[in-house]
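Everything on this sheet refers to the single structure shown next.
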Amino acid sequence: MVSVEPGAANIVVEEMRLSLDVRDRAGMVPGLQQGVEALAEHSAGEHGLRHRLEWTSLTPGVALDDVMQQRVADAADRLGVSHQRMVSGAGHDAQVMARVVPAGMIFVPSKNGRSHSPVESTAPSDLEIGANVLLETLMDASR
């Protein structure tokens, strides 16, 4: 996200704010942070600008439970539903709950891959499939 002040097309920018949301599973975020800091320092020096860099929210990722993820895959198999394991950088409730209980996630397809957007849409039949996978997973976990 980028915001500029003043925000008119014909006025030189006095202040700009840039927000980045970076997610990673391989521990690369600290290196990326160093790269962003070096780039900001270099660019500001090259153009005679002042800059201030502030990291406001650093949340370490968590690994979901292998057994629970396998239960989800097995449930999908039993229901004859195609599936694939995915890496998610999503900060869903599972990120918090995985620190306390075995957690997994079930994703359903969004039209054109659009998520967290006003145009996000998932077919009712895909929602039903996801709900059935969840039900089957919970039934398996309760045995």
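The values are calculated or read from the model by the stated rules, or taken from the named source; none is laboratory data. Here the structure is a predicted model, which is why all the values come from computation and not from measurement. We place every Cβ from the backbone using ideal geometry, glycine too, and count neighbours over all the protein chains shown.
Just one of the numbered conditions (1) under 30 Å from LEU138 (Cα atoms); (2) out of contact with any helix residue (DSSP H, G or I) (no Cβ under 8 Å at 6 or more places or on another chain); (3) not basic (Lys, Arg) is not true of GLN34: (1). Taken over the stretch 19-46, the residue count meeting the criterion of being in contact (Cβ under 8 Å) with a residue 12 or more places away in the chain and more than 16 Å from LEU58 (Cα to Cα) is 1. Quick check on my filter: what residues within the stretch 37-76 are closer than 26 Å to MET86 by Cβ and either in a helix (DSSP H, G or I) or touching a Ser or Thr at 6+ places or on another chain (Cβ under 6 Å) (or both)? Those that are closer than 26 Å to MET86 by Cβ and either in a helix (DSSP H, G or I) or touching a Ser or Thr at 6+ places or on another chain (Cβ under 6 Å) (or both): ASP66, VAL67, MET68, GLN69, GLN70, ARG71, VAL72, ALA73, ASP74, ALA75, ALA76.
Among the numbered conditions (1) surrounded by 12 or more Cβ atoms within 10 Å (Cβ to Cβ); (2) not in a loop (DSSP other than H, G, I, E, B), the only one that SER88 does not meet is (2). Filtering the stretch 102-130 to residues that are closer than 18 Å to GLN69 by Cβ and out of contact with any helix residue (DSSP H, G or I) (no Cβ under 9 Å at 6 or more places or on another chain) leaves only GLY130.
The single residue among ARG143, ARG114, ARG52 that is among the charged types (D, E, K, R), modelled with pLDDT under 95, more than 15 Å from the chain's Cα centre (by Cα) and within 26 Å of ASP21 (Cβ to Cβ) turns out to be ARG52.
Looking across ALA141, ALA38, one residue alone is surrounded by 12 or more Cβ atoms within 10 Å (Cβ to Cβ) and of a type in the set (A, V, I, L, M). It is ALA141.
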